[in-house]
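Colleague: My questions will all concern the structure given below.
Since every read-out is calculated from the coordinates, none of them should be taken as a lab result. As the structure is a prediction and not an experimental result, all values here were calculated from the model. Here the Cβ is made from the backbone with ideal geometry for all residues, glycine too, and neighbour counts use every protein chain on show.
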Amino acid sequence: MIAMSYEPGIGHASTATQSVTEMLECARQGQPTAWNDIYSALYHDLYRLARIQLRRVHHHTLTPTTLISETWLRFVAKPSALAENRRQLFALLMKAMRSAAIDEIRRRQADKRGGGTDTMPLTDCDALSTQAPLDELLALNNALDALESLSPRLAQVVEWRYFGGMSEDEIAAVLGVHVRTVRRDWQAARAFLHRRIAGIALTRDDAH
């Protein structure tokens, strides 16, 4: 069973919003060092995100540095990498990081096919450890993709809270909405995922 919770401490990155926006504008104008500047400015935050991702999938061989590199390559390879602001930038980066992590899960699943069921915890340091089969992790990913096709914002709230470790207050600040709106979005997303995946357990820690 999968326990859905979040890890506090990830939210607004250390680089100022205006600074990131200015660097993105430089990238759109084709300045050769712009993407390197953005990468350097965001590396600390990307590293924290990568650690959360790897804790989710209980990966013992893939390092945060490797996951960041794969994420960045996927991000800059697409035209959509030209985000206009910090919100769009982190949404794209988290999506790219989730994609990289899921592809690694699929690779591991293929390697272990026929060798028994591999399980890994999908939890954080504040929650009880829960073992989640690879199939359930992939089902969660597919359900989140389905949610995105119906409501991009609900899917974004899940990505930011679950995969990005952001609190409701932090998400509300980034989206420019009241925290009650984020809470309703989170509840709606949980309900959708409950319906989408039979037997999935979605929990959260409200003591933030």
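Colleague: Neighbour counts of other C-beta atoms within 10 Å: give me 135, 111 arranged from fewest to most.
Modeller: In increasing order of surrounding Cβ atoms, one gets 111, 135.
Colleague: Determine, from the Cβ-Cβ distance of residue 84 and residue 111 and an R0 of 35 Å, the FRET efficiency 1/(1 + (r/R0)^6), rounded to the nearest 0.05.
Modeller: It comes out at approximately 0.30.
Colleague: Let me ask you something else. Once fully extended, how much extra length lies between residue 39 and residue 26, figured as 0.36 nm per residue of separation less the alpha-carbon to alpha-carbon distance?
Modeller: 3.4 nm
Colleague: Give me the one-decimal nm value for the distance between modelled label points at residue 19 and residue 148, 7 Å along each residue's Cα-to-Cβ direction.
Modeller: Reported label-point gap for residue 19 and residue 148 is 2.9 nm.
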